[in-house]
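Taken together, the values in this text are just the output of simple stated rules run on the coordinates, not laboratory data. Source: prediction; values computed, not measured.
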Amino acid sequence: MTDFTLPEIPDGEAGVALPVVKRQRIGELFGGVICKYPEQRDVMREGEIVYKDNGKARQELVVTMLALPGCTAIAAIGDESGVPEAGAPVRMILRGGGFGQWIDAKNAHGRLFVGNVVTHVTEYGQRYDSDGNKTGAQLTDQNDVDAVPRAQIVGLYGALAIRTARTEESEWVRRAVDYYNTDQLVAVSEEPAAAGNVPF
């Protein structure tokens with residue numbers, strides 16, 4: 001696919017404050033190329049570590065990527081949010097079931113490299129009571145999600161996958177490698193061909 005060597009991702013830390021990809025509506029899509037090693041860290045709430053019942057700290061995974069064209073999922077930081085432009089650096093923060101999905105996807109994919117593609121689609125909602133217990137069936141229509149009273153909690157979920165970049169995505173892989181090497185976006189001389197039509 002490429003005419004240059006992709007760096008294998010060593011252990012490291014993401015550690016950059018970037019917009020976070022959110023699951024907000026059923027049917028939203030996200031695809032991004034990995035440009036930093038995923039960082040596993042303790043879950044924090046109001047400056048304090050969140051612990052499980054067994055006394056161990058809850059964990060989350062931060063995956064830093066450059067967004068691919070075709071994303072419809074929202075990324076947000078502070079009061080600012082919007083669909084990320086192609087090539088914009090974003091983070092995906094995975095906890096609980098999402099972290100488990102990552103582990104399964106990584107096991108299926110194998111060794112991670114800069115430029116590997118992560119995709120997710122938001123497929124359904126799940127209601128929870130105040131104690132965090134599931135209530136009712138999965139919600140697969142956004143109108144049903146919108147109709148849930150504010151007093152109830154709704155989580156949004158869907159498939160997550162990791163794959164090797166396709167030939168038509170090679171320019172985005174180059175950008176991810178540049179970002180990995182410099183920790184910043186690097187200008188390129190040409191826009192990727194048919195960037196708006198890259199499927200994922």
### Equivalent-ellipsoid semi-axes of region 71-142, from the Cα gyration tensor, Å, largest first
25, 20, 12
### Query
How big is region 13-83 on each of its three principal axes, counting only the C-alpha atoms and giving the largest first in Å?
42, 25, 22
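With N denoting the number of residues in region 14-168, provide Rg(C-alpha) divided by 2.2 N^0.38 Å, to two decimal places.
The value comes to 1.07.
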### Task
With no solvent and one equal point scatterer per Cα, compute the Debye intensity ratio I(q)/I(0) for region 107-172 at 0.14, 0.18 Å⁻¹ and report its log10, rounded to two decimals.
-0.60, -0.73
### Query
Cross-link list LYS36/LYS134; LYS106/LYS134; LYS22/LYS134: which exceed 23 angstrom alpha carbon to alpha carbon?
LYS36/LYS134; LYS106/LYS134
#### Entry: Under the Karplus curve 6.51 cos²θ - 1.76 cosθ + 1.60, θ = phi - 60°, whole-Hz ³J(HN,Hα) for region 168-183, x wherever Gly or Pro sits
6, 9, 4, 5, 5, 5, 4, 5, 5, 5, 4, 5, 4, 7, 10, 6
